[in-house]
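One structure, as structure tokens, below. Some questions next.
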Amino acid sequence: MIYLFLAEGFEEIEALTPVDMLRRAGKEIVTVGIGSKTVVGAHGIPVVADMSEEEFSDASPEMIILPGGMPGTLNLDASQTVHTAIDCALASNAYIAAICAAPTVLGKRGLLVGKKATCYPGMEDGLTGAILSEKTVVRDGRIITAAGMGAALAFSLELISALCGEDKAGALKTAVVG
């Protein structure tokens, strides 16, 4: 199962684009509301999550996704559920993906040491030990990071490529972009 975590103040496009695209790819993805099942994004858009954080219990997810935004990223980092999900992903060798400011959650935990990574410009200090990349989307092993809202589609396609292969990602890119 794939889990995307929504915390108050998340960046809406960074959250909903991967959900939409992964479902188009035929993947089962569930949104997890931190603090409440209805979570309000950074631009005032309320989203009803598929499950509350109390319902999260997958010890071996296929992938977890952390959208950025402020204060969404700070709220993700403050959540024990998110850190438990990261621990579960690490233990099961799952993919961990983060976009915008959210890669800082991984950086604070030392998960980016020696790995190529990117984030929203100005947040680089939070990528402790990372090899900073100017690319908008970076995959280094099982960690996928992206620069921000403008990279949401490319980020989503990289998630699909990682999980379903480049052919599926290419076909979906053609289907949605033309």
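Can GLY69 be described as open to solvent by less than 50 Å² (accessible area, probe 1.4 Å) and not charged (D, E, K, R)? Show your work before the answer.
Working: open to solvent by less than 50 Å² (accessible area, probe 1.4 Å): yes; not charged (D, E, K, R): yes.
Yes: the conditions hold for GLY69.
Among the candidates ALA85, ALA89, ALA102, single out the residue that is touching a residue at least 12 places away in the same chain (Cβ under 8 Å), within 15 Å of the chain's Cα centre (by Cα), under 18 Å from GLU12 (Cα atoms) and open to solvent by less than 10 Å² (accessible area, probe 1.4 Å). Spell out the reasoning first.
On the way: ALA85 fails: under 18 Å from GLU12 (Cα atoms); ALA89 fails: under 18 Å from GLU12 (Cα atoms).
So the residue among ALA85, ALA89, ALA102 that is touching a residue at least 12 places away in the same chain (Cβ under 8 Å), within 15 Å of the chain's Cα centre (by Cα), under 18 Å from GLU12 (Cα atoms) and open to solvent by less than 10 Å² (accessible area, probe 1.4 Å) is ALA102.
Based on this model, can you work out whether ASP58 counts as in a helix (DSSP H, G or I), out of contact with any Gly (no Cβ under 9 Å at 6 or more places or on another chain), of a type in the set (Asp, Glu) and in contact (Cβ under 8 Å) with a residue 40 or more places away in the chain? Working first, answer last.
On the way: in a helix (DSSP H, G or I): no; out of contact with any Gly (no Cβ under 9 Å at 6 or more places or on another chain): yes; of a type in the set (Asp, Glu): yes; in contact (Cβ under 8 Å) with a residue 40 or more places away in the chain: yes.
In short, no.
Here's something else I'd like to know. Could you please tell me which pairs satisfy a Cβ distance under 8 Å, a separation of 6+ or placement on different chains, a first residue in the stretch 164-176 that is open to solvent by less than 30 Å² (accessible area, probe 1.4 Å), and a second residue that is of a type outside the set (Asp, Glu) and part of a helix (DSSP H, G or I)?
ALA169/LEU157; ALA169/ILE160; ALA169/SER161; LEU172/MET21; LEU172/ARG24; LEU172/LEU157; LEU172/ILE160
Still on this structure: Which members of the stretch 160-178 meet the condition of being touching a helix residue (DSSP H, G or I) at 6+ places or on another chain (Cβ under 6 Å) and within 21 Å of GLY68 (Cβ to Cβ)?
ILE160, SER161
Tell me which residues, restricted to the stretch 146-178, are of a type in the set (Gly, Ala, Ser) and closer than 18 Å to ALA102 by Cβ. Talk me through it step by step, then tell me what you get.
Our first condition is that a residue be of a type in the set (Gly, Ala, Ser); within the stretch 146-178, this holds for 146-148, 150-152, 154, 156, 161-162, 165, 169-171, 175, 178.
Result: ALA146, ALA147, GLY148, GLY150, ALA151, ALA152, ALA154, SER156, ALA162.
Just one of the numbered conditions (1) in contact (Cβ under 8 Å) with a residue 60 or more places away in the chain; (2) in contact with a Phe, Trp or Tyr (Cβ under 9 Å, 6 or more places away or on another chain); (3) not acidic (Asp, Glu) is not true of THR136; which one?
Exception for THR136: condition (1).
Also: Only residues that are touching a Ser or Thr at 6+ places or on another chain (Cβ under 6 Å) and open to solvent by less than 30 Å² (accessible area, probe 1.4 Å): list them for the stretch 105-118, please.
GLY107, ALA117, THR118
Among the residues of the stretch 46-55, what is the count of those that are surrounded by fewer than 18 Cβ atoms within 10 Å (Cβ to Cβ) and in a loop (DSSP other than H, G, I, E, B)?
Residues flagged as surrounded by fewer than 18 Cβ atoms within 10 Å (Cβ to Cβ) and in a loop (DSSP other than H, G, I, E, B) within the stretch 46-55 amount to 1.
Between residues in the stretch 27-45 that are in a strand (DSSP E or B) and surrounded by fewer than 16 Cβ atoms within 10 Å (Cβ to Cβ) and residues that are at pLDDT 95 or above and not acidic (Asp, Glu), which pairs lie under 6 Å by C-beta distance while being six or more apart or on different chains?
From the stretch 27-45, the pairs are THR38/PRO46; THR38/VAL48.
Considering only residues that are on the phi < 0 side of the Ramachandran plot and assigned to a loop (DSSP other than H, G, I, E, B), which ones fall in the stretch 2-26? Full working, then the answer.
Here is the first cut: in the stretch 2-26, the ones on the phi < 0 side of the Ramachandran plot are 2-8, 10-25.
Across the stretch 2-26, the qualifying residues are GLU8, PHE10, GLU11, ALA25.
The values are calculated or read from the model by the stated rules, or taken from the named source; none is laboratory data. Owing to the predicted nature of the structure, the values given are computational and were not obtained by experimental measurement. Quick reminder, even Gly has a Cβ in these numbers, built from the backbone with ideal geometry, and neighbours come from all protein chains shown. Only protein heavy atoms, including side chains, enter the accessible area calculation; ligands, DNA and RNA are left aside. Shrake-Rupley method; radii C 1.70, N 1.55, O 1.52, S 1.80 Å.
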